[in-house]
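J.: Got a structure for you, written out below as structure tokens; questions coming shortly.
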Amino acid sequence: MKPTLQPVEHLGKFERLQLVEDLWDEFAAEIASESRPEVLLELERRAAWRDAHPGQGKSLAQIAQSLGIRL
């Protein structure tokens, strides 16, 4: 088992499945909180910049490459 998974290797198949479900539910709850007004305003600001400056933005692949990260 991978070293990062060793703390849960003692769990049975169903306990690990429950852990994954719990983590997924927590992740989904965090995503839902991104509908806060300040987050939506920031997204609108960025979309307006993109519309006002066509061709000046960078793709995710370009950003990853500049950071030396493989997607």
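J.: Rounded to two decimals, what is the ratio between the C-alpha radius of gyration of the chain and 2.2 N^0.38 Å?
T.: So the Cα radius of gyration is 1.74 times the expected 2.2 N^0.38 Å.
J.: For the charge dipole of the chain, defined by +1 on Lys and Arg C-beta atoms and -1 on Asp and Glu C-beta atoms about the Cα centroid, which residue among 10, 57, 20 has the Cα displaced farthest towards the positive pole?
T.: 57
J.: In a shell of Cβ-Cβ distance under 14 Å around residue 56, excluding residue 56 itself, what net charge do Lys and Arg (+1) and Asp and Glu (-1) give?
T.: Within the 14 Å Cβ shell, the charges total +2.
J.: A further question follows. Rounded to the nearest 500 deg cm²/dmol, what is the calculated helix-only ellipticity per residue at 222 nm for the chain, with -39500 (n - 2.57) per DSSP H run of length n ≥ 4?
T.: The per-residue figure over the chain is -20000 deg cm²/dmol.
J.: Where the only charges are on Cβ atoms (+1 Lys, Arg; -1 Asp, Glu), what is the dipole of the chain about its Cα centre, to the nearest 20 debye?
T.: Roughly 520 debye for the chain.
J.: So if R0 is 35 Å, what FRET efficiency would residue 20 and residue 71 give, r being the distance between their Cβ atoms, rounded to the nearest 0.05?
T.: 0.90
Where a number appears in this text, it was derived from the coordinates with a stated rule and is not lab data. Note that this is a predicted model, so its numbers are computed, not measured. As a convention, Cβ positions derive from the backbone with ideal geometry for all residues, glycine included, and neighbour counts pool all protein chains shown.
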